[in-house]
Each structure stands twice: as C-alpha cells, then as structure tokens.
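Down below is the structure, laid out as structure tokens.
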Amino acid sequence: MIGGLFIYNHKGEVLISRVYRDDIGRNAVDAFRVNVIHARQQVRSPVTNIARTSFFHVKRSNIWLAAVTKQNVNATMVFEFLYKMCDVMSAYFGKISEENVKNNFVLIYELLDEILDFGYPQNSETGALKTFITQQGIKSQHHTKEEQSQITSQVTGQIGWRREGIKYRRNELFLDVLESVNLLMSPQGQVLSAHVSGRVVMKSYLSGMPECKFGMNDKIVIDKQGKGGSSEDGGKSGKQSIAIDDCTFHQCVRLSKFDSERSISFIPPDGDYELMRYRTTKDIILPFRVIPLVREVGRTKLEVKVVIKSNFKSSLLAQKIEVRIPTPLNTSGVQLICMKGKAKYKASENAIVWKIKRMAGMKESQISAEIELLPTNDKKKWARPPISMNFEVPFAPSGLKVRYLKVFEPKLNYSDHDVIKWVRYIGRSGIYETRC
Amino acid sequence: MTDSKYFTTTKKGEIFELKAELNSDKKEKKKEAVKKVIASMTVGKDVSALFPDVVNCMQTDNLELKKLVYLYLMNYAKSQPDMAIMAVNTFVKDCEDPNPLIRALAVRTMGCIRVDKITEYLCEPLRKCLKDEDPYVRKTAAVCVAKLHDINAQLVEDQGFLDTLKDLISDSNPMVVANAVAALSEIAESHPNSNLLDLNPQTINKLLTALNECTEWGQIFILDCLANYTPRDDRESQSICERVTPRLSHANSAVVLSAVKVLMKFMEMLPKDLDYYGTLLKKLAPPLVTLLSAEPELQYVALRNINLIVQRRPEILKHEMKVFFVKYNDPIYVKLEKLDIMIRLASQANIAQVLAELKEYATEVDVDFVRKAVRAIGRCAIKVEQSAERCVSTLLDLIQTKVNYVVQEAIVVIKDIFRKYPNKYESVIATLCENLDSLDEPEARAAMIWIVGEYAERIDNADELLESFLEGFHDESTQVQLQLLTAIVKLFLKKPTETQELVQQVLSLATQDSDNPDLRDRGYIYWRLLSTDPVAAKEVVLAEKPLISEETDLIEPTLLEELICHIGTLASVYHKPPSAFVEGSRGVQHKRLPGSAGSGESVDSPDTVSAAGVSEAPPAVIPSQGDLLGDLLNLDLTPPTTSGPPPVPSSGMQMGAMDLLGGGLDSLMGDESEPPPIPLRTDTPQSPQLSHQSPSPPDYSPTELGGDLGGSPAMGAAFGAPPAVMPASFSAPVSGGLDDLFDLGGGVGMPMGAYSPPKTIWLPAMKAKGLEISGTFARRAGVIQMEMTLTNKAMSVMTDFAIQFNRNSFGLAPAGPLQVLTPLSPNQTIEVALPLSTVGPVMKMEPLSNLQVAVKNNIDVFYFSCQYPISMLFVEDGKMERQVFLATWKDIPNDNEAQFQIKDCHLNSDAASNKLQGSNVFTIAKRTVEGQDMLYQSMKLTNGIWVLAELRVQAGNPNYTISLKCRAPEVSQCVFQSYEAILKN
C-alpha cells in the first residue's frame, strides 16, 4: 500500500510530508525532488522507480503530489486516490496552490490522517468528511452522542455520501448534460476518429433520503420498451435513441440494477456531483467542419486559407468559437484577412488565433493568412500540427436526451411533481482537430 | 489566520522559544507552538528535542491539538522510545472515550507508533476496539491489526488477533469487511502458505455481497482479494464473473481494472464454447476503452495493462484500433504506449488506417516518438504481409525527408523487412545507398552494411561502398565492425575476383589490430573457413537465414500469465514480476492463471512453481542449444609449428595477406621434426618463439594461422593460383575436415559398456588422412579418462598431436595435454589416456552425452564426435541422506519423473545394487513389498545435479522397472542407458 505522501512546490520544497510505512524514509522525499522535479528532461512516465522505491505523481498547477511505495501496490488505485485527494483539498480550500497548501497544512494533515490509514484509502467523500473534519476544529467537540454516531455510521455506512435529516423548503434539482466532442479529421475531410465523452452533472437540493430514477434515450432501453408493445412513439424513437458505447456511474448508483435492468436508480448525494459519464461514437453531430488549405509559395512564404462551416439548426447559436492555426517556428510576419470575428498572430504560441463570439447554425466563415518565413537551413521539415478548434453549443452532439428524472421520498410529504427540475445541454469541443 | 507563516524560517534559539511557548498556560499559544513544530518537522528540521514538551500537550480536549500532537508522536516516537511511554496512558484512556471518533483516533495512532513497549500496551485496547459497537472504530481497528503485525507478527498470532480479523469478514458493516480483507490480504502476503485468507464459497459469497455496498476503495480491496481465489469449477467461476461484471461501470478506474483482473483470471476456467464466454469478452472492451478518457496518468496505467490484455486475448480489442490513435496533445508517455498497442492490433483489416496514422506520427517533434513510429511501420510490414509493399514505399517517402534520425531508423527496419521477405524489395537499395553518408548511428550503419553485404551481387559498387566504411574501421563500434567483417566476407564469396584485397584487409584489421575478442574470433573463423574450405565457407556464411518472426517483442508466456494476475498493480505497469522490484518476502510468490499449464490442481502450490523454475536450478545444463557449427569453429586449435618464421613482411596487414595466400605453408608442411609444445587451452601462456611477432596474444598470432592453413595443401594451391581459377577451386572437394563436421552424429553411435564400454572406432583412417582413433571413456579413482588408441595408417610420420573439445553438456575438457611423446611412425599404434576435467565451457548438446572432438597433428585437423556414458560423471559422494532423499523425492514434481523398463536382466537385487555401487550409484534403502524389491538409489553428476531412482526388481522376472526423478529431467534418458549398460555387463 501507499507508504508515504508528499506535496512539493514548484521548486521542490516539501510542503506536506506524511509517512505511513516504516520502509519509507526521509531520503525518499529528496530522491523524488532530485530525480523528477529537478530532472532535466520532460517527464517520461508518471510512475518512476528510484532505488527500488516507486513514486507516483500528479501535478496541479505548479504543485506536485507524490505517493511513494516499496510494494506492488494497485497503481490505478494510487492515481485515483491522488485525484481524489486533489478534489477533497479543492472542496475545502479552493485552488491547490502553494499559498493555499501552506495556509491549510494542519487541515491537510488531518485529512491525510483520516482518508489514508496505513496507506489504505478510506472514505473520502467530502460530504461525509465535512461533517467532522472542519477548519475551525471546534465543531467536532460539541457533537452530541447521537450526532457522533450519525457521523460514524455515515462514514462507514452503505450511503456514505449522504447524511440523514436534510431539509429544504423548496425541493429542486438541476441537471446538466455536458458533452465534449472530439474529432480528428484528415485534410481531405475524412473523419479519422470522433467520439463524444459526456457527463451528467447534478445539483440536488432534496429533503430526506430521496430515491431517484434517471432515464435517457438509451437505445437498449428504448428497444426493449419498443418490444414491450407500447408503440406510441415507435417510429420516432428508433431515430432519436442513441447507442452508448460505455458508461460509468457515481458510486451512489446501484450497478447491479443497471447491469440487469439497465435502469439508473440511486439516492443522490446532497449538492453538486457527477452522476454518470458516458461515451458514444456513432451518429455524432459534428457542430463544425474545418476546411484547411495550405500552400507553400517558395521557401519563404505560406498561404493558408481556412473555412469553417457550422452544421446545426440555424436557430441555435454557437459561442466562444476559437480556431487555432499553427504557424512554423521561423515565421517572421503574418497578414490576416477574416470575414468575421477577430484574428491575431501570436508569436509566442506559434499560432494564428481566430476568435468569433457567436455564430448561428448553417453558416460559414473564412480566414486567409499570408505567412512570411525566414529562410532557414534547418533540414527538418515543419511538422504541420493540426488546426484545432474550441466552441460551445447549446445541444448535446451525441444526441442524448434526458427522458425523465423521477424522485420518490416515501417518508416525507413531497412527491415527484413538487420537485422543480431544470435540464440544460452544453456541448463543448474536446480535442477537435483537423490535419492540414 | 494564515498558517503559512509557520513555514518561514526563524533565527537561532528557535527551539528554545518553542519550548517556552509549548509550556505556556494559554491554550491558543500552545496550539500555535505545536503548529510551528509540525511545520518545522515537515521541512525536515529536527525538532525531536521538544519531545517531552509536545507530549505534555497531549492531555487536551481540543481534538485538533490532539491530532497534531499525535502526528508529532508518530514521527519521533521511534527515536525517543523511553519518552514515548509517557503517551501510553493517554492512548489507553482515549480508547475508552465515549466519542467513537476519539476511540478510533487513539487506536489508529497507537498502531503507528513503532515502539515495542508501546505495542504491548496496545493489545488490550485493540482487542476491545475490534469488538467495538461502532463500525467506525472496528474498521480502524481492523487496519491496526495489520500495523501491529508489521511490527511484531508473533505477538499478533499469540494474541489471537488473526482469528478476530477473520471474524470481521462476516461483519454487518461493509467497510469493516473491506478493511478486514485488506488487512488479511497484506498479512497473508508475508505468510504465503498460511492459508490465512481461507477463501471458500461461503466467504466468497460474503465478499461479493459486501462488494455491492462498500466504498469505492473497499470494492478495490475486495476485488483484489477475489482475484487470488481459484474457483472449484467453471460454474462457480461463471457465477462470480456474473456478480463482478457490474463493477465495470464504476466511475473509479481502479474498481474497473480490478474487476477486469478478476474476469481475465476466471475466464481461463470457462469453456470457450460457452455463450457466456463470448458475452464476457464483449463486455470487457467498452470499459477498457473508457479508461482512455481518464486523466493522462491513469491512461498510462491503463495502456500498460491493455498491452498485456491484448497479448493474452487479442480478440477483446481487435475492433478498437481507432481509440489508440495518438492525439497531438497526449503526454509523450501516453503516445509511446498507444503506439505499442497499435502495432499489436494491426491486422489486414485496419492496416491502411494504421499506416496513414504512423506516417503522420513520423513527422512529429519528439525524437523518441518519431523513431518508434518509423519502427512501427517496419513492424507492420513484417506482421501484415499484404501491407509490406505499402510500408516499404512509406518508408522510402520518409527517407526522402532526409531528416537524419528518420532515415536511420527507416534503414534499420528495412533491413528487417529484407529478412522477412528476401528477394522482394531489393529495388529500393539504390535509394538506401544514397543516404550512406548521413548515417552516424551504429545501428543504422550496421544495418546498411548488412544490406550491402547481403545483396552484394546486385550492387555494382558494393566493394566501393564497403571500402568506404573500412577507412575508419577502428573508430566504428563493435556492432558495425562485426557487420562490416561479415559483409566483406560475403562480398568476397560472391565476387571473389575483385575483392580479394578487401577481404584480406578486413581480416587483418579484425584479427591483428583489434582488441575486441569477439571481433578477432570472428575474423579467425572466417579466415580459417576461407582457407580450409571455401565451399563450406559459402555454405556457412551465405547460408539461408531463418525468417524472422512477426511478433518480436512479446512478453514471455509464463511472465505474461503472472502479470495478468497482477493487472492494475505496479507489476503490470513495469511489466516485471513483483519479485523484481519488491524487497523482502512480499510478493515473491508467483501467481499463475488457473487452469493453464494443463494441470487444474495446485494452482499456487509451491510444487508447480518449482516445476516452472527447473531451468533456473543451479546445476542444470545450459538450456540454449547454440549454433553447433559456429561453436565448433570457435575452437582454438593451437598449432604446434612455431619455429620456422614465415617470411615476415613489415606491415601486419601485408603479412596477413601473405599468410592467407599460403605464405607460411612451406615452413609448416616441412617441419615434422619439430618438438611439439602443445598448448591445450586457449589461455595457456605460450611459447617464447613467438616473441618476434606482433604484440597480440600469443595464440592468435599469424604464424599459427598459417599453421592451420597448412593443413590443406589443395587450398594453399588454390589460393596461390591466379584469381581467375578461383571459382573452380571452390567446387573442388577439399579435405574432409568439414565434411565430418556436417556429418555429426552420423554413424558414430557408441554402445554403452558397464563401467567402461569397449573401445569403438571414433575416427576412421579414411576420413583422417590415415590417422585412426578408437577409444572409450572410463572413470578411474575418481578421474574421468578418455582412453584412446591412435594408429597411423598413412605412409608418413605423424607428430604434433593436440586435442580440443567443443563445448558440451557437462563441461568436459582435457585436463592436460595429449601425451603422444614420440612421433607416430607408419603402422604404429599407441595407447593414450587423457584425463578430463569438468570445468570447461558448457553448452547443451543433443543427445546430451554427445562430445565433439577435434584432433590435430602435423597433417591436418580432424573432427569427430562420440558419446560418453553418463555413469562416468557419477561422483563418489553421490550418496544422499535418507531424510534428504525422501524430502527431495517429494519436492521434485511428478512431471519430472521418468519410467523405464530394463529387460532381460538376471541379477538379484543385491547383486544389482553392488554392481551399480561400483559405478557410484548408491543404494540408500531397500524395501520389499510382496516379493518385489524396491531399491532407492541416488547419484550425483559432476555438475551437482542429483538423480534419484527407484529400482523395482521382482524375483524371477527379468524385467526391471526404474523410475528416475531429477530436477533436470533431460538427463533421465542417459541415466537409464547407463543403468542398462552397467547392469547387463
């Protein structure tokens, strides 16, 4: 199991050092600094073995988190734990920065003591932790006996993510379907790979211990129901359902029920959380198409023309559109003409950045650039990195639709109809690249 | 409010100030001081001097302060064990606190204080906490047992904590179950055979129930534990799989991968025709793909694991090629791993796409990545035959980019393509040759040289090309030098007329001016080959090469099986077994997949493990069967005639040339009367006569080489003849030395005798220019002897005898020179006994007891092979203790047992035992069951291999049954033959 956990600043100074196992000594702290943080070359692996000691690291802004072990630990678990540790810290004090870590070092030690015992990760749900690990250090002493046992049963219980006795005057929930659409297209416009990775994020403000059921236009479910006989929307559903390649769920979802009935039922945590993640690869609506045209004029000039076409309902508006056209390292000057938005050559990033605030569906726009090059004797050709794009659209490129989210709370006197529900779809660009 | 101020370093006297503050009456000040202490501790300052003052702050109802003090205690208790005792009371008291959080905190911290005295006090509180009414305390206590075990294992066992821990597996609270499983798994790891984790269907059922209810981390502990279980049959296996599959949808990648591990392992037990088997295969792909949308670090771990999974079960991801396409912004470690998997998944169906991608990657920035991409194109060509042509043209395009490292890498892979598809893509050679000058890496240069040598006949200026490399011969790396040597010899064999000078030049560079033994050896081999028998040389050097296989870097199957059992762990990331990077006993136990290796039983039992480890057993014969021919040619036959100095030219290079052309011939042929100083081992310091020669080690001097040459007058003539005649002489039959070599094992079979078999003819006079050798082996007074009769059936006197053995299974080597003191006149016969040692170089032979011998005299070198009875190798101290015998017999797996029948043997058991004893086969015990005598015998070979035997003799039955057990079962056949020979004689 994890033998020790260290947090360093960008200079390699230790901010937090907690050792769990006897086989990890103080020298491990230095070994990581010398061999990884101060190493000359780029990091070649997130797992490093130095003198029979294995170091796992992740970086958050310029803070390094490193877990250390001498055993054959579950590596996946260690990384998951490090991410979780970052989540927990952010939930307590916001951004993970040197200043924040130093300001909260007592709290961090307290957390590390609680969520990692002898190197074994323990309950690390912030909801539960916040009930008894507090920044003030006062609350914990004034619990009544009932409160104490409520805490412990929540920390260890089956529903470790929610406490009993939550009350809201207005029962409300917000559902966000957030998708990032990824594309790799050849210069000729052939889709090399495309997939959507989506998340269903929920904010729930519900009283008591509500039982929820979530439904979407999952092809498997709809096909099943279609067979059942209710052909109410039979013709339509075939088109509107989507094939989900794979999905994963928050630990509140009963996985065995999903496996057998493909229904998503759960008791939600209070507040913000991610209900599920999914991935689709079929019938993706690609919101934009990028058509590049690059021409080399002699050795010292490049002509680039890029056309973008929006490919969705004309009533919808895409926002925050940004096209990034890489330029060679020996670029000396760029002249730009664009029909819409603003374009700029950013020498420090070796790219032309073209920004458009808004663009409706079924439109097209174009930019032309003349790039002057310095003559070079460098034999190596310019690698022509792909043109990448960023945007945000108000629909789900995968075609996913929320069909229902039902809430039952048998013990309290509110019903599904009393809950106010909000649903929102946001499609963003993930890695959306076209080779040129 | 900001705590960061504690990190600022203060001046001297800090400790003193802190001390005062710690002892302050004000609570707030105390707390501040403790915080300062912890901050100092974090940055590595030694604040252990404050121990008593900090411990004094422990008695407090402020929980935050208490935790800080505990943190300090955990750090420093070990360095101040006596003072740590001061804390015990507080711990014991806290363990009784009404607040479960405080009870748990106390027991958790106590376990982290690794001081023996404290540990003793821990037992009682721990016992209570294990039975606490609050699950939070119980789950903490469960882990504490593991902590205590790490400090004092004996104590934990004595106190019966292990049983309590086992009971916790049935606890009502899932988190308690999970922590108990984690603790037990860890303890079990350090006691591989304790059967601590007594996994049976009932406990498995409990674990599977808890799996649905506990935290994500708990699920991982349980799944990792389940993976160690071996289901009784396929039905149980299937039902566990069914209950584990829902975990594949968990958001936590570690839960997913651990579930994959369980499924991959249990799948082994499912019959392949089962519907469920197919369903399961289909279910595995999507979650594995989903792992690739996780954070880059997790992607890396996932990819390393997928690499293993793809090797074990390629069918799972065969349609998922696209997800492994590299993204521009992937970290380099993800890119490299993806590339690896792409190659593994490449097939005819997706090759076009893959190639297009690889070509794209080859233009990227990262040098390592680009190189790997180019290499990948080559591997695609080798893997998917239909794509070879496209791959080659892609590589040619890349060569046109003239990017130096791309060109070099491309040439290296094209060489492999040539190996796989000989005589198919030679049209590209011209393009390759254009880039000759830009190659600066040894591997690329060597590859290019290989290509030129291999296709020398089609490259008009091959000699010029190779000559250009030759100029800086000594500055090249060994790899290039060796390749250049071979290439030029190939060239010479193909175009002898124009390249004679070149070959002489390279041979002399390699043999005389180089300090590298490999290079010198290879140089001499070629030189001798060329001089003795060019036909053989052609056969050897231009032999058809075996085709290279398509998958070159597969993980060795047993390691792969083991790594599959470690999916998700560090072992799977490193692709190494845990024993390679974990110290101590943990993880040393090798895991195996169930149902594999043919035997369903005893999956993790040490028996199977040791069976697998036979080849590692110290006394085993070296397993690799090397290139026999090459090895024999490697012999150093030191020639005797060193007196008549050959015409000594001034430059070494020229001298080599002279020798090759038979310059030393006359002197060698003529000197029959020379007294023979015969060095027998290559490293014997040698004769002073050589002092006039170059400073190279004596036995490699050119004179000797001349000696070898002299053996074949025909050759000498051929070399001396004008070049135009050369081809003719190649086809001429030359002396039989090499013919014999190719004739190995043919007809030389040697019947086994009892103690010493009768002599047989090893080398007929026909084949050895009149020298006939017959001989046998014997063991006399603990010394192995080769007893030979040499007969001169030729017309001239023979002198200067020497003998060498090829490497052989048991390292037999002459222990002294061959004592033929007087010249052997025509028709004279002498007897020689050559004592042998067993410390020579070892190489496994087929059959095992085969021995290849070279004998030389003033006329030539002759090769023959013979077999020795293995009983000759039975040593005098081969009697095993009874107990040891019993234990060893049990310890050697049954797979290693061999049974034979000895027919028509009319001895009773005692007589047999006596007879065998004469040959160092010792009877340890005798048992008589129903008129059948069982003799238990042992013998030990010179290299330390023990052979155990059970000989069954039934009165009146002339057929004996013998069972042999040995860690190196290869020897059994030979031992049986010896038994037969001894008993029947």
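Right, residue B:943: of a type outside the set (Phe, Trp, Tyr), crowded, with 17+ Cβ neighbours inside 10 Å and touching an Asp or Glu at 6+ places or on another chain (Cβ under 7 Å) or not?
no
What number of residues within region A:369-396 satisfy the criterion of being of a type in the set (Ser, Thr, Tyr) and either within 19 Å of residue B:328 (Cα to Cα) or at pLDDT 95 or above (or both)?
Total meeting the criteria: 1.
Looking only at helices (runs of 4 or more DSSP H) that fall completely inside region A:44-144, which ones have 2 or more residues that are facing another protein chain (nearest Cβ under 10 Å), among the charged types (D, E, K, R) and over 23 Å from residue B:43 (Cβ atoms)?
A:75-93
Would you check if there is a residue in region A:386-394 being within 14 Å of another protein chain (Cβ to nearest Cβ), hydroxyl-bearing (Ser, Thr, Tyr) and touching a residue at least 24 places away in the same chain (Cβ under 8 Å)?
yes
Sort out which residues of region B:29-57 are in contact with a Lys or Arg (Cβ under 7 Å, 6 or more places away or on another chain) and modelled with pLDDT under 85, and write them in order of number.
B:44, B:57, listed by residue number.
May I ask you to list the residues in region B:261-276 that are away from chain A (no Cβ under 13 Å) and among the charged types (D, E, K, R)?
Those that are away from chain A (no Cβ under 13 Å) and among the charged types (D, E, K, R): B:265, B:268, B:272, B:273, B:275.
Looking only at region B:42-57, filter to residues that are of a type in the set (Gly, Ala, Ser) and touching a residue at least 24 places away in the same chain (Cβ under 8 Å); which one of those is nearest to residue B:16 (Cα to Cα)?
Ranking the candidates gives B:49 first.
Among the numbered conditions (1) farther than 30 Å from residue B:543 by Cβ; (2) of a type in the set (D, E, K, R); (3) out of contact with any Ser or Thr (no Cβ under 7 Å at 6 or more places or on another chain), tell me where residue B:389 comes up short.
Only one criterion in (1) farther than 30 Å from residue B:543 by Cβ; (2) of a type in the set (D, E, K, R); (3) out of contact with any Ser or Thr (no Cβ under 7 Å at 6 or more places or on another chain) is unmet by residue B:389, namely (1).
From A:345, A:425, grab the single residue that is part of a strand (DSSP E or B), under 30 Å from residue A:296 (Cα atoms), of a type in the set (Phe, Trp, Tyr) and more than 14 Å from every other protein chain (Cβ to nearest Cβ).
Only one candidate passes the filter, namely A:345.
Given the structure, is residue B:967 over 16 Å from residue B:896 (Cα atoms) and of a type in the set (D, E, K, R)?
no
Name the single residue that is farthest from the chain's Cα centre (by Cα) among those in region A:9-32 being away from chain B (no Cβ under 11 Å) and at negative phi.
Restricting to residues being away from chain B (no Cβ under 11 Å) and at negative phi, the top hit is A:25.
Determine whether residue A:297 is without any contact (Cβ under 8 Å) to a residue 60 or more places away in the chain, more than 25 Å from residue A:393 (Cα to Cα) and buried (at least 16 other Cβ atoms within 10 Å of the Cβ).
Answer is no for this residue.
Within region B:326-337, is there a residue that is modelled with pLDDT of 90 or more, touching an Asp or Glu at 6+ places or on another chain (Cβ under 6 Å) and crowded, with 22+ Cβ neighbours inside 10 Å?
Scanning region B:326-337 turns up no residue that is modelled with pLDDT of 90 or more, touching an Asp or Glu at 6+ places or on another chain (Cβ under 6 Å) and crowded, with 22+ Cβ neighbours inside 10 Å.
Here are some conditions: (1) facing chain A (nearest Cβ under 9 Å); (2) surrounded by fewer than 18 Cβ atoms within 10 Å (Cβ to Cβ); (3) of a type outside the set (Lys, Arg). Residue B:209 meets all but one. Which one does it not meet?
The number of the failed condition is (1).
How many residues, within region B:515-567, are of a type in the set (S, T, N, Q) and touching an Asp or Glu at 6+ places or on another chain (Cβ under 8 Å)?
The number of residues fulfilling the criteria is 2.
Of everything in region B:119-167, what is of a type in the set (Lys, Arg) and either away from chain A (no Cβ under 14 Å) or out of contact with any helix residue (DSSP H, G or I) (no Cβ under 9 Å at 6 or more places or on another chain) (or both)? Give them in sequence order.
B:127, B:128, B:131, B:166
What number of residues within region B:212-229 satisfy the criterion of being within 31 Å of the chain's Cα centre (by Cα) and either within 11 Å of chain A (Cβ to nearest Cβ) or surrounded by fewer than 23 Cβ atoms within 10 Å (Cβ to Cβ) (or both)?
Selection size over region B:212-229: 4.
Being under 12 Å from residue A:267 (Cβ atoms) and surrounded by fewer than 19 Cβ atoms within 10 Å (Cβ to Cβ) is the filter here; which residues of region A:209-224 pass it?
Once the filter is applied, which keeps residues that are under 12 Å from residue A:267 (Cβ atoms) and surrounded by fewer than 19 Cβ atoms within 10 Å (Cβ to Cβ), region A:209-224 yields A:209, A:211, A:213.
Give the number of residues within region B:51-90 that are more than 14 Å from chain A (Cβ to nearest Cβ), of a type in the set (A, V, I, L, M) and touching a Ser or Thr at 6+ places or on another chain (Cβ under 8 Å).
1
So how many residues does region B:807-843 have that are within 16 Å of residue B:865 (Cβ to Cβ), of a type in the set (Gly, Ala, Ser) and in a loop (DSSP other than H, G, I, E, B)?
Summing the residues that are within 16 Å of residue B:865 (Cβ to Cβ), of a type in the set (Gly, Ala, Ser) and in a loop (DSSP other than H, G, I, E, B) in region B:807-843 gives 2.
Please tell me if residue B:33 is over 28 Å from residue B:149 (Cα atoms), hydrophobic (A, V, I, L, M, F, W, C), surrounded by 15 or more Cβ atoms within 10 Å (Cβ to Cβ) and more than 11 Å from chain A (Cβ to nearest Cβ).
yes
Under 8 Å by Cβ, and 6 or more places apart or on different chains, what pairs join a residue from region B:540-569 that is among the basic types (Lys, Arg) with one that is in a loop (DSSP other than H, G, I, E, B)?
B:545/B:422
Please go through region A:145-168 and pick out each residue that is of a type in the set (Gly, Ala, Ser), surrounded by 21 or more Cβ atoms within 10 Å (Cβ to Cβ) and at the interface with chain B (Cβ under 7 Å from one of its Cβ atoms).
Answer for region A:145-168, where residues must be of a type in the set (Gly, Ala, Ser), surrounded by 21 or more Cβ atoms within 10 Å (Cβ to Cβ) and at the interface with chain B (Cβ under 7 Å from one of its Cβ atoms): just A:160.
Residues that are without any contact (Cβ under 8 Å) to a residue 24 or more places away in the chain: find the helices (runs of 4 or more DSSP H) completely inside region B:235-324 holding 2 or more of those.
Result: B:275-290.
Do you know which residues across region B:277-299 are more than 21 Å from residue A:245 (Cβ to Cβ) and facing chain A (nearest Cβ under 9 Å)?
B:297
Hey, among B:258, B:239, B:190, which residue is within 11 Å of chain A (Cβ to nearest Cβ) and surrounded by fewer than 24 Cβ atoms within 10 Å (Cβ to Cβ)?
B:190
So for region B:64-75 (the condition being polar (S, T, N, Q) and touching a Phe, Trp or Tyr at 6+ places or on another chain (Cβ under 9 Å)), does at least one residue qualify?
No, region B:64-75 contains no residue that is polar (S, T, N, Q) and touching a Phe, Trp or Tyr at 6+ places or on another chain (Cβ under 9 Å).
Condition test on residue B:466, is it in contact with a Gly (Cβ under 8 Å, 6 or more places away or on another chain), under 30 Å from residue B:388 (Cα atoms) and of a type in the set (A, V, I, L, M)?
In short, yes.
Where residues in region A:169-203 are within 29 Å of the chain's Cα centre (by Cα) and part of a loop (DSSP other than H, G, I, E, B), which of them is farthest from the other protein chains (Cβ to nearest Cβ)?
Taking the candidates together, the pick is A:171.
The values are calculated or read from the model by the stated rules, or taken from the named source; none is laboratory data. From a predicted model like this one, the values you see are computed outputs, not experimental measurements. Note: ideal-geometry Cβ built from the backbone for every residue, glycine included; neighbour counts use all protein chains shown.
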